[in-house]
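This report concerns only the one structure given below.
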Ligand code: PMP
Ligand code: GLU
């Protein structure tokens, strides 16, 4: 028998369910099965042409050497320019570190600020990677549960009671993955007022979906509250706004001491990220922005479509997401029901049933700390969404 040589640190991590479901659906597709993939959250659009052209140019101009650890100065200036233009925030390039996607930037920030035994408050349902990355950093995730009746948002009172002597950070995601909920300016103000009483808490704002917003109101960054600005870290990147998931460019914009620590860590772990992708991201931030609005409009149309179709399925409880590209219906109506062959007892069962019987890939709410729910990513064509919802309705109807 082989010795168990995997570290406890990695053994205690859950695998990413979003990526696992997507992989399973791709394997079924490769085997010739007509699966509609509503599992992984990524724009289905191609990266805009001017951004791709900038990458080709970067290769031709020999941007092929190591880049500075925190990223090219020109890219960090472009990000500072974006933060000023779009969010009214002032950041120096030294406060910005470019990582391999927002996921990596977040992982590095957590490793830079957490010690063993610290606690991190995570409003839940939450994106799959938050709890696992917190654990990787030796800290303990403290999940604050919300449900569809409060539009999946935490109140200031809930936040206050979740913060204890060991709390070192809060991770807030708005617009949210997996729920699509968006905190209004007033709701953010109420949370900030509570946070003023807890100066030991670093606020990590995951704003990766800032542009995929249907409120009709401007996006409000958590970085724009002066009372907490000196302990707020923004996480963002080009994956969602510019349809650039595969390029792997994200960043943190942070107080200088945190940015410096992140850069030190990155210097040992990865060095500067892909030089070519950095030049592409620079073009994204400095080039024409119409593409962002065009994609946003398409997502809004699909949001309306998926909400209309899902609302017509009697056992699903649906809210109207105001951002991102996820629908997060409550599905517990189906628990305990059976199609005569198998009984559904959890959202993981339901996701598997829909994959195998309806050939639609979704992600179980369990993956996001919300066992009564199911996540559907509607970053897919109108035709695919319509057909997927027809199949789901038909499969759910058979559960008695
Ligand atoms: N945060 C949230 C909430 C996400 O949904 C994603 C998507 N994977 C990320 C961060 C990471 O994005 P990326 O690493 O592609 O920049
Ligand atoms: N953010 C996307 C999702 O939630 C991409 C997959 C991942 O990195 O988790 O599906």
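The values are calculated or read from the model by the stated rules, or taken from the named source; none is laboratory data. Quantities reported herein were computed from a predicted structural model and do not represent experimental measurements. Virtual Cβ from ideal backbone geometry, glycine too; neighbours counted across all protein chains shown.
Restricted to segment 87-113, and to residues there that are out of contact with any strand residue (DSSP E or B) (no Cβ under 9 Å at 6 or more places or on another chain) and free of Cβ contacts under 8 Å to residues at least 60 places away in the same chain, the residue that is nearest to ligand 2 (Cβ to nearest atom) is 93. Of the residues that make up segment 348-356, is at least one surrounded by fewer than 24 Cβ atoms within 10 Å (Cβ to Cβ) and more than 17 Å from residue 391 (Cα to Cα)? Yes. Scan segment 248-281 residue by residue and report those that are closer than 19 Å to residue 53 by Cβ and more than 9 Å from ligand 1 (Cβ to nearest atom). Correct list: 274, 275, 276, 277, 278, 279, 280, 281. Taken across segment 286-304, residues that are surrounded by fewer than 22 Cβ atoms within 10 Å (Cβ to Cβ) and over 21 Å from residue 219 (Cα atoms) do not occur at all.
Listed here are the residues, each with its yes/no results for (1) more than 30 Å from residue 202 (Cα to Cα); (2) in contact with a helix residue (DSSP H, G or I) (Cβ under 7 Å, 6 or more places away or on another chain); (3) not in a loop (DSSP other than H, G, I, E, B).
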| residue | (1), (2), (3) |
| --- | --- |
| 257 | no, no, yes |
| 264 | no, no, yes |
| 272 | no, no, no |
| 307 | yes, no, yes |
| 345 | yes, no, no |
| 350 | yes, yes, yes |
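Selection over segment 114-134 of residues that are under 21 Å from residue 262 (Cβ atoms) and within 16 Å of ligand 2 (Cβ to nearest atom) gives a count of 8. Selection within segment 200-209: residues that are assigned to a loop (DSSP other than H, G, I, E, B) and surrounded by 22 or more Cβ atoms within 10 Å (Cβ to Cβ). The member of this set that is farthest from ligand 1 (Cβ to nearest atom) is 207.
Criterion applied to 357, 293 was being more than 16 Å from ligand 1 (Cβ to nearest atom), farther than 23 Å from residue 397 by Cα and in a helix (DSSP H, G or I), and the one residue passing it is 293. Kindly check whether there is at least one residue in segment 215-228 that is over 25 Å from residue 191 (Cβ atoms) and modelled with pLDDT of 95 or more. No, there is no match, as no residue in segment 215-228 is over 25 Å from residue 191 (Cβ atoms) and modelled with pLDDT of 95 or more.
Please verify whether residue 177 is under 24 Å from residue 281 (Cβ atoms), touching a residue at least 40 places away in the same chain (Cβ under 8 Å), out of contact with any helix residue (DSSP H, G or I) (no Cβ under 6 Å at 6 or more places or on another chain) and not in a loop (DSSP other than H, G, I, E, B), treating the condition exactly as stated. No.
So in segment 25-36, with the set limited to residues that are touching a residue at least 60 places away in the same chain (Cβ under 8 Å) and more than 13 Å from ligand 2 (Cβ to nearest atom), which one is nearest to residue 374 (Cα to Cα)?
Once the filter is applied, the top-ranked residue is 36.
Does segment 185-199 contain at least one residue that is within 16 Å of ligand 1 (Cβ to nearest atom) and surrounded by fewer than 24 Cβ atoms within 10 Å (Cβ to Cβ)? Scanning segment 185-199 turns up no residue that is within 16 Å of ligand 1 (Cβ to nearest atom) and surrounded by fewer than 24 Cβ atoms within 10 Å (Cβ to Cβ).
Sub-7 Å Cβ pairs linking a first residue in segment 189-211 that is farther than 19 Å from residue 157 by Cβ to a second residue that is more than 16 Å from ligand 2 (Cβ to nearest atom) and assigned to a helix (DSSP H, G or I), at least 6 apart or interchain, are 202/113; 202/231; 204/109; 205/222; 205/223; 211/292; 211/296, ordered by first then second residue.
Answer yes if at least one residue in segment 327-336 is away from ligand 2 (no atom under 16 Å from the Cβ), in contact (Cβ under 8 Å) with a residue 40 or more places away in the chain and in a helix (DSSP H, G or I), and no otherwise. Yes, segment 327-336 contains a residue that is away from ligand 2 (no atom under 16 Å from the Cβ), in contact (Cβ under 8 Å) with a residue 40 or more places away in the chain and in a helix (DSSP H, G or I). Only one of the listed residues (212, 235, 228) is under 30 Å from residue 263 (Cα atoms) and over 22 Å from the mean Cα position of the chain (by Cα). That residue is 228.
Among the residues making up segment 367-400, those that are assigned to a helix (DSSP H, G or I) and crowded, with 21+ Cβ neighbours inside 10 Å are 367, 368, 385, 388, 389, 392, 396. Here is the figure for segment 223-252: residues that are out of contact with any helix residue (DSSP H, G or I) (no Cβ under 6 Å at 6 or more places or on another chain), more than 13 Å from residue 103 (Cα to Cα) and surrounded by 24 or more Cβ atoms within 10 Å (Cβ to Cβ) total 1. Within the set 80, 139, 126, 105, the sole residue that is farther than 28 Å from residue 162 by Cβ and crowded, with 17+ Cβ neighbours inside 10 Å turns out to be 80. Of the residues in segment 188-197, none is modelled with pLDDT of 95 or more and in contact with a strand residue (DSSP E or B) (Cβ under 6 Å, 6 or more places away or on another chain).
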